[in-house]
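Asks: Let me begin by handing over the structure; questions about it come next.
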Amino acid sequence: MEMTANEKWISVHPIVLSMIAALGLTVKPEQIRCEKFEAASKHYLVRMGLFKVLQIVSAINIVEHEAAGRFIPITQIRTSDELTKFITEMIPLLHLESEQAKTLGYIVSELVRNVLEHAEAEHGAILCAQYYKKSNSIRIGIADTGLGIKKTMNRSWPATTDLEAIQLALTPGITGTTRREGGTEQNAGAGLFFIKSIASVNRDFFVIYSGNGFYKLLKKNPTKRLSLNADPFKDRHSIDDAMPYWQGTLVGVDITLDQTAEFSMLLKVIRETYSMAVKERKKAAFKKPRFI
């Protein structure tokens, strides 16, 4: 694995950092070759913990600053406890009312839980996040090198291409864990749909990449009435079914945190949906037979 960068500037979305880290974890540290970075912004790679995660030495020296409320460095999540810790650290970055922040936390938690429970990713999920005060937005990147969407979706739904699998994954009520429309009480199959919907309402960046398939949400015309489409291909978007093969799944999203009426209403609907899902999940766990 070889890491290179522009000599004058380095500006990368958290999804790129998560992607590099996830790929780097599949090889030994001594197999990673990193050129000497010259760009003034090279310190960002150290601050976000890229070299630390990859266990390689960096010649870049920085003065460490408190991360709370500004960013979460690249984090490897393999257990539910590690996921809980990440979500707890992410909440201050959202700068939202408590209930709204929890709702976004639920969504990210659901996306990571899918990786832990279904992707069979040896290295778990790799995440990082950055808050931008000027735009009052948060950028999140999630990566894994597991089975990929197509293989997990094909357990219950037919998808002949990676792009078809991505379309199914973005459709509410469709999940690779069951053929049943609407998913199960434990897995509503709506995590990706909700995160895409939030990006759509705020006209923000959203991208998902798995196998050879790539889907990117495009910004809508601000003069047109907002609508949420169950079929992601009915949103304004771009797709590519011939991307270099990525073993696993990548998700990147920007979320503008301004309190618009649409944003607040959508979070309320999501919060109610997840509250019901959590109750059903707990009820199902309680019903499981216990052997003493």
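The values are calculated or read from the model by the stated rules, or taken from the named source; none is laboratory data. Computed from a prediction, not measured in an experiment: that's the story for all the values here. Note: ideal-geometry Cβ built from the backbone for every residue, glycine included; neighbour counts use all protein chains shown. Keep in mind that these areas ignore ligands, DNA and RNA; they rest on the heavy atoms of the full protein, side chains included. Shrake-Rupley method; radii C 1.70, N 1.55, O 1.52, S 1.80 Å.
Asks: Going through L111, L104 one at a time, which residue ends up being aliphatic (A, V, I, L, M), in contact with a Gly (Cβ under 6 Å, 6 or more places away or on another chain) and outside any loop (DSSP other than H, G, I, E, B)?
Replies: The unique qualifying residue is L111.
Asks: State all residues of the range 17-40 that are open to solvent by less than 90 Å² (accessible area, probe 1.4 Å), at pLDDT 90 or above and either part of a loop (DSSP other than H, G, I, E, B) or more than 21 Å from A59 (Cβ to Cβ) (or both); if no residue qualifies, say none.
Replies: Within the range 17-40, S18, M19, A22, L23, L25, T26, V27, I32 qualify.
Asks: Answer yes or no: is there a residue in the range 50-71 that is in contact with an Asp or Glu (Cβ under 7 Å, 6 or more places away or on another chain) and of a type outside the set (S, T, N, Q).
Replies: no
Each row is one residue, and each column tells you yes or no for (1) under 23 Å from G24 (Cα atoms); (2) small (G, A, S); (3) touching a strand residue (DSSP E or B) at 6+ places or on another chain (Cβ under 9 Å); (4) open to solvent by 50 Å² or more (accessible area, probe 1.4 Å).
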| position | (1), (2), (3), (4) |
| --- | --- |
| M48 | yes, no, yes, no |
| I72 | yes, no, yes, no |
| L83 | yes, no, yes, no |
| T88 | no, no, no, yes |
| L96 | no, no, no, no |
| Y106 | no, no, no, yes |
| E120 | yes, no, no, yes |
| G124 | yes, yes, yes, no |
| R139 | yes, no, yes, yes |
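Asks: Among the listed residues E110, E117, E7, E64, which satisfies the condition of being under 30 Å from R271 (Cβ atoms) and at pLDDT below 85?
Replies: Selected residue: E110, the only one of E110, E117, E7, E64 that is under 30 Å from R271 (Cβ atoms) and at pLDDT below 85.
Asks: Could I ask something else about it? Could you please find all residues in the range 126-136 being crowded, with 19+ Cβ neighbours inside 10 Å and among the hydroxyl-bearing types (S, T, Y)?
Replies: The one that is crowded, with 19+ Cβ neighbours inside 10 Å and among the hydroxyl-bearing types (S, T, Y): Y131.
Asks: Given (1) open to solvent by 20 Å² or more (accessible area, probe 1.4 Å); (2) within 19 Å of I140 (Cα to Cα); (3) free of Cβ contacts under 8 Å to residues at least 60 places away in the same chain; (4) of a type outside the set (D, E, K, R), identify the lone condition not met by I77.
Replies: The failed condition is (1).
Asks: Take the range 252-271 and flag every residue that is open to solvent by less than 100 Å² (accessible area, probe 1.4 Å), modelled with pLDDT of 75 or more and in a helix (DSSP H, G or I).
Replies: Within the range 252-271, A261, E262, F263, S264, L266, L267, V269 meet the criteria.
Asks: Next up: Looking only at the range 148-176, count how many residues are assigned to a helix (DSSP H, G or I) and open to solvent by 30 Å² or more (accessible area, probe 1.4 Å). Explain how you work it out, then say what you get.
Replies: Looking only at the range 148-176, we keep the residues that are assigned to a helix (DSSP H, G or I), and these are 149-153, 162-169.
Still in the list and also open to solvent by 30 Å² or more (accessible area, probe 1.4 Å): 150-151, 164, 167-168.
Final tally of qualifying residues: 5.
Asks: With respect to V12, is the statement that it is more than 18 Å from the chain's Cα centre (by Cα) and open to solvent by 30 Å² or more (accessible area, probe 1.4 Å) true?
Replies: Numbers: more than 18 Å from the chain's Cα centre (by Cα): no; open to solvent by 30 Å² or more (accessible area, probe 1.4 Å): yes.
No.
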